[in-house]
Amino acid sequence: MRIGKIIGRTFVVLILIALAAFVGYRANQNIQAKKKAMSQPAPENIVPVESVQPTRMNITEKTHASGSIQADSEIAIYSKAAGKIAQNLVKMGSAVEPGQVVAIVNRDEVGYEYKPYEVKSDGKGVVSRIILNPGATVNPSLPLMNLVDIDTVKAVAAVDEKKIRFIQMGEVARVTLEAYPGETFAARVTNISPICNPVSRTIDVELSILNPGHRIKPGMYAEVEWTESQRSALVVPLMAVVDRGGQKYVFFADNGLARINPVTVGAVVGDVVEILSGLKGDERIVTTGAGQLNDKDKIKVVEPKTSQD
């Protein structure tokens, strides 16, 4: 019995020694593997990028404003005599000349007989509204009808105060109307308001538009466009410019390295941006991949992908 116990204990000890030897062997292998890995140089992180050279293009900056069409002038026609309207001689849309008789009023003072009173127009234009109809009582304080002059109309546009410095009296502009898509109407600045709206921060600008066919109607919505400036500009793709802490930068592709370079940007036109300072124009500028770069990162310039790739 005692011999059996001794053999059993010996067997357990041998197993434990074998396990310890195995664990030690594996630990030594791991240590050697780590040493070998640490002794090898780390793989280089090379960022694939695309690059272009800055180009020049003509940039036209424009000022836009919206507003509405108004009649060149609008007057109300009154009867100087009290009575009742016997007849209106014009209707809405009728063209009226100065001195033309537009209505007949019967004066109805008791005990007196008067000839019918002829109401005459004081101005030229088109009848925009008939206010009182035959049978209605009139007096010198009640308007009979409204008259508008629309041979020439005016667009009144609200211009942002930041853009008003670009607009001058007599300057030519282009007007488009929702009523006539695709058409452009020539206009000229005839008045600039002396005050700025403190809420919208806009200034009203009036523009005169010839309207011989009376196609343009007061009340129509209008968009006005002025040419602000035209110039030749150095541009790069918009994706090439990165923002770091409020400063704009581009990266030069310089013999396998990315070199960060501050720039000042101007107008954005489509997918390119104007560079006001910071570039000469003969550099290679990183485009695709610029956003993930830091100064002196290693890069590899690759060919741009095509739509078939």
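Laboratory data are not the source of any read-out in this text; all were calculated from the coordinates shown. In this text the structure is predicted, and so the values were computed from the model without any measurement. All Cβ positions, even for glycine, are placed from backbone atoms using ideal geometry, and neighbour counts span all protein chains on display.
Kindly rank 288-294, 192-198 from highest to lowest mean number of other beta carbons found within 10 Å of each residue. Show your work: numbers first, answer last.
On the way: 288-294: 16.1, 192-198: 11.1.
Listed from highest to lowest mean packing, they are 288-294, 192-198.
So what J values fall out for the range 241-257 if you push phi through Karplus, 6.51 cos²θ - 1.76 cosθ + 1.60 with θ = phi - 60°, rounded to Hz, Gly and Pro as x?
Using θ = phi - 60°, the values come out as 9, 10, 10, 10, x, x, 9, 8, 9, 10, 10, 7, 8, 10, 6, x, 10 Hz.
Quick check: net charge around I75, other residues with Cβ under 14 Å of its Cβ, Lys/Arg +1 and Asp/Glu -1? Each step should come with its number before you reach the end.
Values: positive: K120, K124, R129; negative: D72, E74, E97, D122, D149.
Result for the local shell: -2.
Need the C-alpha centroid separation for the range 115-129 versus the range 254-295, integer Å.
Centre-to-centre distance over Cα atoms comes out at 69 Å.
Of the listed peptides 122-132, 177-187, what is their order by residue-averaged count of other C-beta atoms within 10 Å, with the highest listed first? Display every interim value, and only then the final one.
On the way: 122-132: 16.5, 177-187: 13.0.
Packing proxy ranking, top to bottom: 122-132, 177-187.
So, by mean Cβ neighbours within 10 angstrom, what's the order for 63-76, 92-105 with the highest one leading? Mind dumping the intermediate values first?
Numbers: 63-76: 17.7, 92-105: 15.6.
Peptide ranking by packing, descending: 63-76, 92-105.
Of K84/K124; K91/K124; K124/K217; K80/K217; K91/K120, which pairs sit farther than 22 Å apart, going by alpha carbon to alpha carbon? List each step's numbers first, then the result.
On the way: K84/K124 25 Å; K91/K124 15 Å; K124/K217 17 Å; K80/K217 30 Å; K91/K120 14 Å.
Cα-Cα > 22 Å for K84/K124; K80/K217; rest within.
In a shell of Cβ-Cβ distance under 12 Å around I164, excluding I164 itself, what net charge do Lys and Arg (+1) and Asp and Glu (-1) give? Can you show the working numbers first?
On the way: positive: K162, K163, R165, R201; negative: D160, E161, E171, D204, E228.
For residues surrounding I164, the net value is -1.
How large are Rg and Dmax for the range 171-273 when calculated on the C-alpha trace, in angstrom?
When restricted to Cα atoms, the range 171-273 yields Rg and Dmax of 21.6, 67 Å.
Where does the charge balance sit around E228 when Lys and Arg score +1, Asp and Glu -1, over other residues with C-beta under 14 Å from its C-beta? Present the calculation step by step, with values, prior to reporting the outcome.
Working: positive: K62, K162, K163, R165, R174, R231; negative: E61, D160, E171, E225, E274.
Spelling it out: positives minus negatives among the neighbours equals +1.
Taking amide H positions as placed in the peptide plane 1.01 Å from N, state which residues far from V272 in sequence (5 or more) or on other chains have amide H under 5 Å from it.
When sequence neighbours closer than 5 places are left aside, the close amide H contacts are L238.
What FRET efficiency would be calculated for the residue pair K80, E161, taking the C-beta separation as r and a Förster radius of 41 Å, to the nearest 0.05? Numbers along the way, then the final one.
On the way: r = 46 Å, r/R0 = 1.12.
Given R0 = 41 Å and the Cβ-Cβ separation, E is 0.35.
Using only the alpha-carbon atoms of the range 74-148, report the extent along each of the three principal axes, biggest first, to the nearest angstrom.
39, 19, 19
Hey, with R₀ at 30 Å, roughly what FRET efficiency would V47 and K248 work out to, going by the Cβ-Cβ distance, to 0.05?
Details: r = 20 Å, r/R0 = 0.68.
My answer for the efficiency is 0.90.
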